[in-house]
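Reviewing the structure listed below.
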Amino acid sequence: AIDYALFIVSRFREEVAAGYDTPTAVRRSVTTAGRTVVFSATMIVASLAGMLLFPQGFLKSIAYGAIATVTLAAFTAVTILPAMLAILGKRVNALGIERFRRGDSAANVEHGFWGRWTGWVMRHPRKITAVLILGLLVLILPVRNIAFGGFSEKYLPPDNAVRVAQHEIDTYFPLRKSDPIELVIVTADSTQVGPLVERASFAPGLLPSGFEIPTRSQTDPTIYKTQAYLVDSSKYDKTIDFLRNLETSEDTTLMVTGVPTVQHDTIAALLNRLPLMIALVLAATTILMFLTFGSLILPLKAAFMSVLGLGSTLGILTWIFTEGHGATLLNFTPQPIQANILFLIIAIIYGLSTDYEVFLLSRMVEARTRGATTEEAIRSGTAHTGRIITAAALILLVVTGAFAFSDLVLMQYIAYGMIAALVIDATVLRMMLVPAVMKMLGDWCWWAPAWMKRIQQRIGLSEPILDDEREQPVPRELVDTRS
């Protein structure tokens, strides 16, 4: 919601500074920035919908809530916000700091800090691209050690009273652990139960006591239940695999359950469907971005940038929370990352990455549509969106950074993950790597097969050319007084 409001309000201030009256400025803002907001929201909804592929109710509920939030944010940004701007008019700049209160014209913006910065980047595109990609690959390296885990008391600080109590129980009363592995045996032949439980007790990772004496169901005499405890509750994969591979007679069914098994199957389900989620999300966002910008290269470049940003963020999280760097300072125990939370972070970061990319590219494509060269379009797009993207990222940093003070490591995942992602995305990727790569690509940035461009134009999603365009005034400070 903050991103969308910033984008539209900034465009409105720019149009007012260019000399347009309030109704025209509102219309132009909604036609350009509002259009971008709608497309951005559509792409984010598509990426969030990928979480619906997973069976976990937690991820489904987050997906539905996030989709509703993004949709409402976009809807209010193109309805209520323009109405408010129409009422405020030039008073939109009131009650602010004098330095930031004035609205800069397009020409002033393009010759400001971000315009000069982009010019410097485009003068050294190969060096900047090589250094940044190498640096991001270094950040991605720790991902090779990533491990997934489930919920446990270890996500609390080591000195937390609840965790200390659980540790004491596990130490002095090992048969009272809260996470046993359970077996459910269904058979009409009771003589099959004892030998099966005896063989199951040889599973690796169990306490020496093995499985308890089975108990028969009081409602169905063909069902038996028993349980055993792990030496280390976080190491259950080999145990579960051993139990599920036990041979049974044709009239006997063995089912493995319990907390460790639920965690094992949850992670397996996430990993099994992850490739499908990635494929569908990338396909959907690529198609939508092509329909928005009319280029096949731009969405492919955006996907590459998203992979770099996501990979480096996951590398940082792995380096901190799995490898344990800073564990003493941050007061947590190194361990596998909770899978559900990690997938939630991935979805949020990909959505934000798409958001910033669409903001940036929309201004570039708009300038290109008006006849700018590739270099001029890159400079214009980065100059007009640099301050907005930076401001939006800083605001979100404050909001999510507060989670770092939580005792729960799960909340710290979100805090440090979002901080890393926002810093990398809003600075390294959007303001440096994107302009550098696009400079090297040159006019290939706008390429797409002719038949695809015809489809885009037929659908009517091309960048609009406003009917009241006029030359922007040259900034006073740029006029050569010697002439």
Subject >> Every residue from the range 143-157 that is touching a residue at least 12 places away in the same chain (Cβ under 8 Å) and out of contact with any helix residue (DSSP H, G or I) (no Cβ under 8 Å at 6 or more places or on another chain) >> reply: S152
**OP:** Inspect all residues belonging to the range 252-261 and state whether any of them is farther than 20 Å from I185 by Cα and either modelled with pLDDT under 90 or part of a helix (DSSP H, G or I) (or both).
**Re:** no
Subject >> Which numbered condition A372 fails, given (1) part of a helix (DSSP H, G or I); (2) surrounded by fewer than 19 Cβ atoms within 10 Å (Cβ to Cβ); (3) without any contact (Cβ under 8 Å) to a residue 24 or more places away in the chain; (4) not acidic (D, E) >> reply: (1)
Subject >> One residue from T226, T219, T171, T239 being more than 30 Å from Q338 (Cα to Cα) and of a type in the set (S, T, N, Q) >> reply: T219
**OP:** Look through the range 402-425, keep the residues that are crowded, with 16+ Cβ neighbours inside 10 Å and not aliphatic (A, V, I, L, M), and return whichever of them is nearest to P158 (Cα to Cα).
**Re:** Q412
Original post:
If I67 satisfies every condition in (1) part of a helix (DSSP H, G or I); (2) more than 27 Å from F343 (Cβ to Cβ) but one, which is the exception?
Top reply: (2)
Subject >> Test for T219: is it without any contact (Cβ under 8 Å) to a residue 24 or more places away in the chain and surrounded by fewer than 15 Cβ atoms within 10 Å (Cβ to Cβ) >> reply: yes
Original post:
Residues of the range 396-412 being within 16 Å of G351 (Cβ to Cβ) and in contact (Cβ under 8 Å) with a residue 60 or more places away in the chain, which ones?
Top reply: L396
Subject >> Criterion (at pLDDT below 85, over 30 Å from P158 (Cβ atoms) and in contact with a His (Cβ under 8 Å, 6 or more places away or on another chain)) met by exactly one of L466, L478 >> reply: L478
Original post:
Which pairs have Cβ atoms under 9 Å, sit 6 or more apart or on different chains, and link a residue in the range 160-183 that is of a type in the set (A, V, I, L, M) to one that is modelled with pLDDT under 85 and exposed (fewer than 11 other Cβ atoms within 10 Å of the Cβ)?
Top reply: I169/R176
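Considering A377, A392, A383, A421, which residue is closer than 30 Å to T328 by Cβ and part of a helix (DSSP H, G or I)?
One residue alone meets the criteria, A421.
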**OP:** Determine whether L274 is under 17 Å from the mean Cα position of the chain (by Cα), over 16 Å from I44 (Cα atoms) and aliphatic (A, V, I, L, M).
**Re:** yes
Original post:
Hey, any hits in the range 315-334 for a residue that's surrounded by fewer than 24 Cβ atoms within 10 Å (Cβ to Cβ), assigned to a loop (DSSP other than H, G, I, E, B) and aromatic (F, W, Y)?
Top reply: yes
Original post:
Just checking, how many residues over the range 173-201 are exposed (fewer than 11 other Cβ atoms within 10 Å of the Cβ) and at pLDDT 85 or above?
Top reply: 4
Original post:
Can A402 be described as closer than 21 Å to Y4 by Cβ and within 19 Å of the chain's Cα centre (by Cα)?
Top reply: no
Original post:
Can you name the number of the only condition in (1) within 30 Å of I267 (Cβ to Cβ); (2) touching a Pro at 6+ places or on another chain (Cβ under 9 Å) that L59 fails?
Top reply: (2)
Subject >> Single residue of the range 277-302 satisfying the filter (within 17 Å of the chain's Cα centre (by Cα) and surrounded by fewer than 19 Cβ atoms within 10 Å (Cβ to Cβ)) that is nearest to T427 (Cα to Cα) >> reply: T286
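If only one of V197, V186, V193 is in contact (Cβ under 8 Å) with a residue 12 or more places away in the chain, outside any helix (DSSP H, G or I), of a type in the set (A, V, I, L, M, F, W, C) and assigned by TED's automatic domain parsing to the domain that holds K238, which one is it?
V186
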Subject >> Near pairs, Cβ below 7 angstrom, 6+ apart or cross-chain, from the range 1-26 (assigned by TED's automatic domain parsing to the domain that holds V38) to any residue that is among the basic types (K, R) and assigned to a helix (DSSP H, G or I) >> reply: E15/R28; V16/K90; Y20/R28
Subject >> Residues of the range 130-177 satisfying the condition of being in contact with an Asp or Glu (Cβ under 8 Å, 6 or more places away or on another chain) and in a loop (DSSP other than H, G, I, E, B) >> reply: S152, L156, P157, N160, K177
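The values are calculated or read from the model by the stated rules, or taken from the named source; none is laboratory data. Predicted model only: the values in this text are computed from it and were never measured. Because the Cβ atoms are built from the backbone with ideal geometry, glycine has one as well, and the counts that use them run over all protein chains shown.
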